[in-house]
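The values are calculated or read from the model by the stated rules, or taken from the named source; none is laboratory data. Quick caveat: nothing in here was measured; it's all calculated off a predicted structure. No Cβ is skipped: glycine too gets one built from the backbone with ideal geometry, and neighbour counts run over all protein chains shown.
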């Protein structure tokens, strides 16, 4: 009979493998917990307690089952992604402050502080900016503010994304009041981020290639 130590070792290994490569982007997972309610052995004693069978070593079967079980449990719960974020400081003149805010809002930046330097008309706006949205920020700020704004970025860590990349309407009210555009909005940046990572890794992505096939023109106009 397999010892308790062997069972626990297989469970731990399966958990570690599942969190090493999560089901959303095949990236490491953090802040998740799985509860094992029960462990049972079924079948004749010589089959259950044997070292191996037609499916391979006993411990390998348990590890594989736990790994896939953890991945399935994660997908069945409240799925969330974490993304890298910068501490972004934008320095600009008072007459360009609104334009600087506009640039930041389009890039999902969350403003946390705003201060005016004593004796000047210069403002320093501090915000948390997703790394994925930071590319081209300096050029965009200079263009929109006519060179009046500059930015400084430092790594600030990771943040949990609010939206569920797989959200779908379930209740009758949601089904009646929700169309595809509403679903895309609810899934938000999380779905976009997940799809970009999966595409980069060569993983499968669920996306519509044609949104309205009946509206696509397949023939050229007659002249």
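For the reader, a short list of remarks on this structure follows.
- Checking each residue in the stretch 87-123 for being touching a helix residue (DSSP H, G or I) at 6+ places or on another chain (Cβ under 6 Å), in contact (Cβ under 8 Å) with a residue 60 or more places away in the chain and not in a loop (DSSP other than H, G, I, E, B) picks out only 90.
- Output for the stretch 124-137, where each listed residue is under 20 Å from the mean Cα position of the chain (by Cα), surrounded by 13 or more Cβ atoms within 10 Å (Cβ to Cβ) and either assigned by TED's automatic domain parsing to the domain that holds residue 188 or not in a strand (DSSP E or B) (or both): 131, 132, 133, 134
- Some residue of the stretch 193-200 being within 19 Å of residue 86 (Cβ to Cβ), loosely packed, with under 14 Cβ neighbours inside 10 Å, at pLDDT below 90 and under 19 Å from the mean Cα position of the chain (by Cα): yes
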